[in-house]
Each structure stands twice: as C-alpha cells, then as structure tokens.
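Here's the structure, in structure tokens; my notes come after.
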Amino acid sequence: MTPIISIIMGSTSDLPVMEKAAKFLEEMQVPFEMNALSAHRTPAEVEDFAHGAQARGLRVIIAGAGMAAALPGVIAASTTLPVIGVPIKGMLDGLDAMLSIIQMPPGIPVATVGVNGAQNAAILAVEMLALSDETLAKRLADYKEGLKQKIVKANADLHEVKYQFKTN
C-alpha cells in the first residue's frame with residue numbers, strides 16, 4: 001500500500017493532536033504515513049522529504065507544528081503538493097503557531113485549519129482527493145450524513161427535556 005497523504009509533526013509530543021487526522025484517514029480507508037520531522041532540528045530531512053514527496057506518490061501533506069510553526073511553510077516552499085497546516089496549541093494558546101502558518105509569503109500557500117484541528121485537516125485532504133475518486137467521495141458523503149444525523153437525534157432528544165417554562 002502506497003501512502004497518498006503524509007502526516008508530519010514537528011515532534012512526537014504533537015501525536016495526541018495529529019492522531020485525530022490518522023483516525024479519520026483510517027475511517028475513510030485512505031493510505032497515509034506519519035513522520036516526525038522538525039524544520040529547526042532536522043532541516044535537511046524536511047527538505048529531502050518535501051522534494052521527494054510527489055515522486056513517492058503523495059498527493060496531500062498535513063503538517064502540524066507549534067510555537068514558531070515553520071514546518072508547514074518550509075515543506076510548502078519545497079513542493080508543489082498542497083500542504084495543510086495544523087497549528088498546535090503551545091505557548092500562546094496556539095495563536096503563535098496559527099499566525100506563523102497563515103502568514104506565508106506570496107507564492108507559498110499553506111491551507112490552515114484551527115488550532116489543534118488535525119481532524120479538519122484530514123477532512124480537507126480527503127475532500128481534495130475525493131474530487132477525482134468517486135468511492136472516496138461516497139465515503140465522505142456518508143460521513144457528513146452521519147454528522148447530520150447525530151445533530152438531528154440530539155435535537156429530538158432535547159425536545160424530551162422538560163422545564164416549566166420551556167415551550168417546545
């Protein structure tokens with residue numbers, strides 16, 4: 001099985017956040033890989049990874065990083081593949097990481113999800129891939145229908161909660 005999505009994190013301490021992306025990709029049956037690479041501590045390895053990513057069959061990269069959060073941008077600078085950045089909550093409640101990821105110079109875009117939003121990064125990656133994969137598009141549609149049904153059920157359950165002045 002060849003991975004088509006790569007999940008990269010600056011450190012294994014980011015795994016509790018980034019595993020949410022892995023779990024969603026498992027659910028969608030999308031082959032992926034996971035690696036810890038640091039833009040600051042292993043810059044040569046990050047550049048080698050980014051340069052070779054497309055040739056290895058990858059189609060989307062999800063990169064999570066905290067604090068200075070250079071990893072997504074450094075990867076995006078060395079590949080034409082879409083990169084989705086996940087700011088990881090650290091020092092300033094993740095604001096520092098988020099600003100580092102979204103403030104990319106012209107020509108080096110990084111899609112960015114909310115702080116600790118690894119699951120949304122995986123959903124966005126699957127949405128990209130589903131444009132050319134009908135089977136994956138169906139799985140994604142089923143997932144989103146499931147989200148809808150959870151809210152429909154929660155609303156029905158809420159109607160059963162009684163208060164003296166509640167009118168519905």
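Derivation of every value follows stated rules applied to the coordinates shown; laboratory data play no part. Keep in mind that what you see is a predicted model, and the values were worked out from it rather than measured. Backbone-built Cβ (ideal geometry, glycine too); neighbour counts: all protein chains shown.
Annotation note: chymotrypsin sites (Phe, Trp or Tyr not before Pro) in the stretch 60-168 located in DSSP loop regions with a Cβ neighbour count of at most 16 within 10 Å are Y163, F165.
Here is how the number arises for the chain: DSSP H runs of 4 or more residues each give -39500 (n - 2.57), the sum is divided by the residue count, and the result at 222 nm is -14500 deg cm²/dmol. Charging the Cβ of each Asp and Glu at -1 and of each Lys and Arg at +1, and nothing else, the dipole of the stretch 5-133 about its Cα centre rounds to 100 debye. Using C-alpha pairs under 8 Å with a sequence gap of at least 6, the mean separation divided by the residue count of the chain gives a relative contact order of 21 percent. For the stretch 78-168, the relative contact order works out to 21 percent when only alpha carbon pairs closer than 8 Å and six or more residues apart are counted. Sorting the segments 99-112, 78-91 by their residues' average number of neighbouring beta-carbon atoms within 10 angstrom, most packed first, yields 78-91, 99-112. Give K23/K144; K89/K148; K20/K148; K23/K138; K20/K150 a once-over and call out the pairs whose C-alpha atoms are over 22 Å from each other. Long pairs (Cα-Cα over 22 Å): K89/K148. Expressed in units of 2.2 N^0.38 Å, where N is the residue count, the Cα radius of gyration of the stretch 5-133 is 0.94.
With both labels modelled 7 Å from their Cα along Cα-to-Cβ, the S11 to I102 distance reads 2.4 nm. Once the C-beta distance of D133 and N35 is scaled by a Förster radius of 22 Å, the resulting FRET efficiency is 0.40 to the nearest 0.05. Once both labels are positioned 7 Å from their Cα atoms along Cα-to-Cβ, the gap between Q164 and A55 label points is 7.5 nm.
Since only L124, Q29, A156 are under comparison, the one whose Cα sits farthest along the positive direction of the charge dipole of the chain, derived from C-beta charges on Lys, Arg, Asp and Glu, is A156.
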